[in-house]
Amino acid sequence: MTASVASKQKDTTKEHFPIDDVIHFFGLGSVSHGVRSKIGRTNVTYFVVCSDGQEYAIRFMKYHNHDALRNEFFLHTILREQGVKAAYMLCSPDGNFLYKKDGVWATISRKIYGAHPRSPLSESEVFKVGQALSGLHCALQGYSLPHKNKRSSVNYNVVQERVDGVKDKDLRAKINEIIRHTTILPSENLPSGILHGDLHVSNVLINNDEVAILDLENAAEGLLITDIGRSIADICGYPNGLNPIKVKKYIEGYEINRILTEEEKECLYIAIAYRSAATSAWFINHSDFLNAQRFLSIATKAIELMS
């Protein structure tokens with residue numbers, strides 16, 4: 001990493017990532033200024049301005065799943081054609097969307113301007129996120145993923161594996177009880193399609209009335225209502241538990257593009273409970289007990305609201 005890309009903001013991680021090499025791989029010249037990082041659970045993102053004057057987001061992967069990234073690139077192509085706001089992955093001059101060298105994986109996209117909404121979201125923001133998810137579902141209708149995401153959080157076997165990994169016996173039993181009573185079986189009245197898989201606050205950017213959806217590496221195929229349930233759990237469940245008023249506002253936004261079936265409406269809180277319990281297990285396995293408890297509380301509240 002050259003001195004020219006040094007940031008005034010202290011960043012002790014930048015020397016671990018070959019930013020200049022990635023920029024060269026994608027044929028974007030050199031970095032002129034403005035390196036700063038966002039460290040997430042599954043990736044580290046650097047925002048850089050290149051010699052062409054454009055600002056880009058470089059995403060370094062903590063976990064390597066080639067099929068998931070190929071799915072994501074495929075989805076970006078469709079969303080671009082459909083005019084859906086998303087962070088489109090770019091290709092190198094020879095057509096590669098993935099930088100792979102010495103165990104480092106990275107993708108790059110033009111930066112989308114906007115801000116992650118602060119929790120708790122306003123009712124207006126909740127409405128916009130619901131509308132954005134239905135826009136995504138509608139844009140991807142009729143398509144299939146080129147590669148099955150076997151590690152998706154909507155996969156029942158993956159969920160059960162995570163629950164089984166919870167070491168606390170009582171906590172594991174509690175999550176298992178919720179999972180058993182909220183598993184939704186496929187039905188002709190429950191539409192299926194391509195799911196985002198993990199649409200939470202950090203995976204959306206809001207710029208005035210526009211909402212951009214980020215990070216599609218968890219995309220999978222399944223029941224649309226489960227995708228809605230996962231998103232609502234995070235968007236409408238902070239900081240004081242699940243807010244039924246905001247749930248209603250989320251669905252109002254979602255139905256701008258697609259009206260829920262009657263069976264989906266009946267299954268809404270079941271889906272919220274199921275995905276919340278599954279997410280709680282994920283956080284426990286990653287030693288984040290505060291968020292684990294938050295999602296377990298959301299699951300419990302959703303069960304109370306089923307009636």
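Read-outs throughout are calculated quantities, based only on the coordinates presented, and are distinct from any laboratory measurement. Not measured: the values here are computed from a predicted model. So basically every Cβ, Gly included, is an ideal-geometry build from the backbone, and we count neighbours across all protein chains shown.
Some observations on this one:
- Distance violations [Cα-Cα > 19 Å] among K128/K248; K248/K301; K85/K248: K85/K248
- Springs join every pair of Cα atoms under 10 Å in this Gaussian network model of the chain, and among K169, K249, K148 the largest mean-square fluctuation is at K169.
- Taking a straight line from the alpha carbon of K62, these lysines sit under 19 Å away, with near neighbours fewer than eight places off in the same chain left out: K14, K38, K100, K101, K150.
- Partners of K249 within straight-line reach, counting aspartates and glutamates whose Cα lies under 15 Å from its Cα and excluding those fewer than 8 residues away in the same chain: E123, E125, D234.
- The loop-placed chymotrypsin sites (Phe, Trp or Tyr not before Pro) in region 52-131, going by DSSP, that have at most 12 neighbouring Cβ atoms within 10 Å of their Cβ come out as Y63, Y113.
- Dmax and Rg, reported as Rg then Dmax, of region 10-110 (C-alpha, Å): 13.3, 40
- Three-way shape call for region 192-240 based on the alpha-carbon gyration tensor, with the a/c threshold at 1.5: oblate
- GluC sites (Glu not before Pro) lying in DSSP loop within region 167-273, provided at most 10 other Cβ fall within 10 Å: E188
- Comparing V154, G222, I256 along the charge dipole axis of the chain, the residue lying farthest to the positive side is V154, per the Cβ-charge model.
- Calculated FRET efficiency, K100 to E161, Cβ-Cβ distance, R0 = 25 Å: about 0.35 to the nearest 0.05.
- In the chain, the calculated helix contribution to ellipticity at 222 nm averages -13500 deg cm²/dmol per residue, counting -39,500 (n - 2.57) for every DSSP H run with n ≥ 4.
- Value in Å of the Kirkwood radius, where the chain supplies the Cα pairs that are averaged: 20.2 Å
- Rounded Å value of the spacing that divides the Cα centres of region 259-296 and region 210-241: 10 Å
- Proximal charge balance of A212 [Cβ under 14 Å; K/R count +1, D/E count -1]: +1
- Table column - 3J(HN,Hα) (Hz), region 285-291, Karplus curve with 6.51, -1.76, 1.60, x for Gly and Pro: 5, 9, 6, 9, 6, 5, 5
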